[in-house]
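Encoded as structure tokens, the structure appears first; notes follow it.
Every read-out reported here was derived from the displayed coordinates using simple, explicitly stated rules and does not represent laboratory data. Only a predicted model underlies this, so the values are computations on that prediction, with no experimental measurement involved. Glycine gets a Cβ as well: all are built from the backbone with ideal geometry, and neighbour counts include every protein chain shown.
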Amino acid sequence: MYTNEDLNKAIEKEIFTTKAVDEFRQMVSKDKISPSVDEENFRLISGFNDIFVVIASLLMIVSVSWVVRDASEILASMTIALLSWGLAEFFVRKRKMSFPAIVLLMTFVSSLFFGFMDLFNNYSQINSNGSIALSAGITIIFTYLHWRRFGVPITVASGMIVAIAFVISTIISISPPLEDFIFFFILLAGIITFVIALRWDMKDTKRVTQNSDVAFWLHLISSPLIVHSIFSLLGVFDDSDNGIITMISIIILYIILSSISLIIDRRAFMVSSLAYVVYALNSLFNRYGIEDNSFAIVGVIIGFSLLLLSAYWSKVRKVLLGLMPESVTHKVPLA
């Protein structure tokens, strides 16, 4: 198997010409029901060896950290970070394996963050928000170094999550009363993440380079940030009795998200918020007395709509883009 990134490298090494590769992509697009750009490809697993390496890596990381944890949990976290970086030197930098790259990046970032959290909580007088801010700030530095060394697409999204934690926790630690507005901050962070994702997308409207993969992961995290904060502000997750207005708001929000997903051609943006929509609708159905089959009813409605949308994705996109101004259409993939 090969990817668009592999084809681009073949062009750089003058194995294929740019014209030949473009003609090949056009041929593949014509043979498919939808254009290749609409497939939303991204590198995840190139073969079972990726899964094999991930299993072996996690087994070693967990086992070593388990032994070291008897001495110190902080040392165990740092050991996980070092092992993750060391394994990435071979399996990511040399072997270019996608799935191990994602998993090792996640273990690296999470172990650093929680390791420094333990350090500041146990050996300093800093409050919890201050500990989060300091831990996130240090983790951002190491995440950037990881990006410079390995260039794993999900690193930007991971760094964005840590940066959001850093900014929000810093604000709250400076002014604790602002914690009441945390969901407004999360909503703003989600919108900023979405805009950044669009910037990466606009660098590669043909979806053939690593920029597209970076945008994919950013879209994947921006949607839950936006949806969770809006639902929280609406009181969907509270025990209060939400009425028909809340239900209508949820439906409208999901329609808006679906429309945005179609325009920018990013299923990830819509799907990553799906769990929140299902939960919210299920909760509201329960409050209206449809308790026995509420989840099944919501699942049938959402599932059918997604399948229908998947079948006619390109056609619906073409209609929506026809309603958009040229300033929008020339910045997104063609329908």
Please give, to one decimal in nm, the separation of the simple spin-label points placed at ASN121 and ARG148, each 7 Å out from Cα toward the Cβ.
-> 3.1
Order of 67-76, 317-326 by packing, highest average Cβ count within 10 Å first?
-> 67-76, 317-326
Would you calculate a helix-derived [θ] at 222 nm for the chain, using -39,500 (n - 2.57) for each DSSP H run of n ≥ 4 and dividing by the full residue count, to the nearest 500?
-> -25500 deg cm²/dmol
³J(HN,Hα) computed for each position of the stretch 173-178 - Karplus, 6.51 cos²θ - 1.76 cosθ + 1.60, integer Hz, glycine/proline x | 5, 6, 9, x, x, 6
The chain: most fluctuating residue of ASN293, ASN282, ASN129 per GNM, C-alpha cutoff 10 Å = ASN293
At what distance in nm do the modelled label points of LYS331 and SER259 sit from each other, each positioned 7 Å from its Cα along Cα→Cβ?
-> 1.7
Give the value in nm², to one decimal: projected area of the alpha carbon convex hull of the chain, averaged over all directions.
-> 20.9
So, by mean Cβ neighbours within 10 angstrom, what's the order for 131-143, 112-124 with the highest one leading?
-> 131-143, 112-124
Here FRET efficiency (C-beta to C-beta, ASP238 to TYR312, R₀ 30 Å, nearest 0.05) is 0.20
Reference-scaled alpha-carbon Rg (2.2 N^0.38 Å with N residues) for the stretch 162-252 = 1.33
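For the chain, what's the relative contact order in percent, using C-alpha pairs closer than 8 Å and at least 6 residues apart?
It rounds to 14 percent for the chain.
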Can you give the translational diffusion coefficient of the stretch 106-193 in µm²/s, computed by Stokes-Einstein from the Kirkwood radius over Cα pairs at 10 °C and 1.306 mPa s?
-> 118
